[in-house]
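Just below is one structure, and these are the notes that go with it.
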Amino acid sequence: MSGGTLPPGPAAGGRTRPVGLLAGRRVVVVGGASGIGRATVRAAAAAGAAVAVLDADVAGAAEAAAEVRSAGANACARGVDVTVEAEVAGALDAVAAELGGVDAVLHVAGIMGGQGLDVRDVPVELWTRVIAVNLTGPFLVAKHAARHLSPGDGVLVLVGSKAGVQTGSGSVPYGASKGGLHGLALTLARQLGPQGIRVHALCPGDIDTPLMRRSLDEARANGTDGGRVAAIEAALGRPEDVASVLVLLASPASAGLAGTVCTG
Ligand SMILES: NC(=O)c1ccc[n+]([C@@H]2O[C@H](COP(=O)([O-])OP(=O)(O)OC[C@H]3O[C@@H](n4cnc5c(N)ncnc54)[C@H](O)[C@@H]3O)[C@@H](O)[C@H]2O)c1
């Protein structure tokens, strides 16, 4: 008989033994109710992880967890607004207790706003809201995730965007928030890396999600050239392609990787 990967099989007691890149890992997906986060919940569970889904959309988080449970995986859900420190701390404490620890936190939550607006027309209230969700949110999640992540093989991934590191954005506050998130991830990697917690920024290109669809509509409404918007629409990537990279980053197979990772 040739060697190779063992097929999935029943563990002692007849239960299915998780196999895959994340077998035995406890993974928290922040922003797991929709889009890239939702695809990541599915992919992490399929890779053998026990998954906690955190999101401001409480019903969506519960639905995502129920979906993977019905496929035989271990999952729980909690509502959280990532801009509120007490909610972030409480949700991470609760899921760490429920899962018996945390091996990886994948911070995916984010918002878009101001697509196609000239800087002269960006309301400060919009700027403040986007920075709160997209930059203060990942800071608060990192702050409280670091209390739970296992030193030695803990992983924290912050989802930024190519808009923050390569291309710029059609939205002034969004592009600024994602650039700030990138600096945050680099700084956390420097601080937490020596403590055995690997930190990455993951920067996707344009992906077909509800956020992106709303963003394209807003760009059109704010007068962005229709041909340009249509070209972006025609080239959108799939959430699953980002999710599979997040699974890889959350796994010990990525122990040799460092720093920023970009996807198409
Ligand atoms: N879609 C793209 O093209 C694209 C490209 C690059 C980066 N990104 C980034 O990927 C991440 C996911 O985006 P998506 O496109 O899947 O969007 P999405 O709107 O489908 O999902 C975002 C999720 O974040 C949650 N969320 C929003 N505000 C929150 C808050 N205050 N607290 C907790 N949860 C909150 C939402 O409820 C939602 O479930 C975002 O950070 C986004 O900036 C997206």
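For the stretch 102-176, a simple Cβ point-charge model (Lys and Arg +1, Asp and Glu -1, everything else neutral) yields a dipole of about 80 debye relative to the Cα centre.
Electrostatic tally near A50: other residues with Cβ closer than 12 Å to its Cβ, Lys and Arg +1, Asp and Glu -1, net +1. Amide H contacts under 5 Å for A75: V51, restricted to partners 5 or more places along the chain or on a different chain, H placed in the peptide plane at 1.01 Å from N.
Between the Cα long axis of helix 210-221 and the first principal axis of the chain there is an angle of about 10°, rounded to the nearest 10. What angle do you read, to the nearest 10 degrees and between 0 and 90, between the alpha-carbon axis of helix 239-250 and the longest principal axis of the chain? With rounding to tens, the tilt is 50 degrees. Pairing the Cα long axis of helix 85-99 with the longest principal axis of the chain, what angle in degrees results, from 0 to 90 and rounded to the nearest 10? The two axes meet at around 20 degrees. Rounded to the nearest 0.05, the FRET efficiency derived from the C-beta distance between R214 and L248 at R0 = 35 Å is 0.80.
The residue list H148, G90, V172 was ranked by how far each Cα lies along the charge dipole of the stretch 26-256 toward its positive end, using unit charges on Cβ atoms, and H148 comes out on top.
Equivalent-ellipsoid semi-axes for the chain (Cα gyration tensor, √(5λ), whole Å, largest first): 32, 20, 18. Working from label points 7 Å from Cα in the Cα-to-Cβ sense, the E233 to R69 distance is 3.9 nm.
Values in this text are rule-based calculations from the coordinates and carry no lab data. All values reported here derive from a predicted model rather than from experimental measurement. All Cβ positions, glycine included, derive from the backbone under ideal geometry; neighbour counts span all protein chains shown.
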